[in-house]
């Protein structure tokens, strides 16, 4: 049986190590999808259409983010009230960083003249239904057997990062930077910082910390959740096979 010392730092390291590759791959996939779309509409100014896509993706990003936050939080603390509070506040902060503040800074680095656009301030009535739906999804999924929790949380994290990367790209394109593919490598690095960092903090680090605080600093729930952490499932399966042999 896979054991852990149950410390919150070890939990951070384990969750980050298991989810980070999926986040990186999601950013790469977002670049591929955007490249294909750019090829299809080559030679056209799609700034206006990119703005529409940005808002659709941003709202969907909120849904995936709140789902992922609740899933991670519920792995370590079962409080429904705590899930709702964390599932509301964490996406509000980190989705704003990923889709508004960091892309704005990135555009300034590229020398692109943009205006600051914060959807939580300008389109709150559109965001709230997505945010609520994401919390409900997280609560419903987390109410199932814990053995499938990792696959659900990985899917939520991958989808969250993928949609966030697309939203950031279309935010930049919507402000006229249609030749972004000429700096593909630099864009990839910028997206890793603008997307992976906030999404990892949002989906993993902050919910685990909040759950730890909600448990009054106790590590017992971290120890009880060892079987839910990604690497433990494969490890236990291997041990079970060896025992059967």
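Please go through (1) modelled with pLDDT under 90; (2) farther than 18 Å from residue 190 by Cβ; (3) surrounded by 24 or more Cβ atoms within 10 Å (Cβ to Cβ) for residue 99 and return the number of the only condition it doesn't satisfy.
The number of the failed condition is (2).
Keeping to the stretch 120-147, report how many residues are closer than 21 Å to residue 72 by Cα, over 20 Å from the mean Cα position of the chain (by Cα) and at pLDDT 80 or above.
The qualifying residues number 1.
When you go through (1) modelled with pLDDT of 90 or more; (2) within 22 Å of residue 194 (Cβ to Cβ); (3) in contact with a helix residue (DSSP H, G or I) (Cβ under 8 Å, 6 or more places away or on another chain) one by one for residue 89, which number turns out not to apply?
Only one criterion in (1) modelled with pLDDT of 90 or more; (2) within 22 Å of residue 194 (Cβ to Cβ); (3) in contact with a helix residue (DSSP H, G or I) (Cβ under 8 Å, 6 or more places away or on another chain) is unmet by residue 89, namely (3).
Looking for whichever is in a loop (DSSP other than H, G, I, E, B) and either at pLDDT 85 or above or touching a helix residue (DSSP H, G or I) at 6+ places or on another chain (Cβ under 8 Å) (or both) here; the options are 116, 162, 94. Which one fits? Give the steps one after another, and end with the answer.
On the way: 162 fails: in a loop (DSSP other than H, G, I, E, B); 94 fails: in a loop (DSSP other than H, G, I, E, B).
Every option except 116 fails the conditions.
Kindly indicate the residue of the stretch 42-84 that is touching a helix residue (DSSP H, G or I) at 6+ places or on another chain (Cβ under 8 Å) and not in a helix (DSSP H, G or I) and also nearest to residue 215 (Cα to Cα) among those meeting that condition.
Checking each candidate, the answer is 77.
A quick yes/no check of all residues on (1) assigned to a helix (DSSP H, G or I); (2) modelled with pLDDT of 75 or more; (3) within 21 Å of the chain's Cα centre (by Cα); (4) buried (at least 20 other Cβ atoms within 10 Å of the Cβ):
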| site | (1), (2), (3), (4) |
| --- | --- |
| 173 | yes, yes, no, yes |
| 181 | yes, yes, no, no |
| 192 | yes, yes, yes, no |
| 196 | yes, yes, yes, yes |
| 211 | yes, yes, yes, yes |
| 221 | yes, no, no, no |
| 234 | yes, no, no, no |
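The values are calculated or read from the model by the stated rules, or taken from the named source; none is laboratory data. None of the values given here were measured: they were computed from a predicted structure. Every residue, glycine as well, gets a Cβ built from its backbone with ideal geometry; the counts of neighbours run over all protein chains shown.
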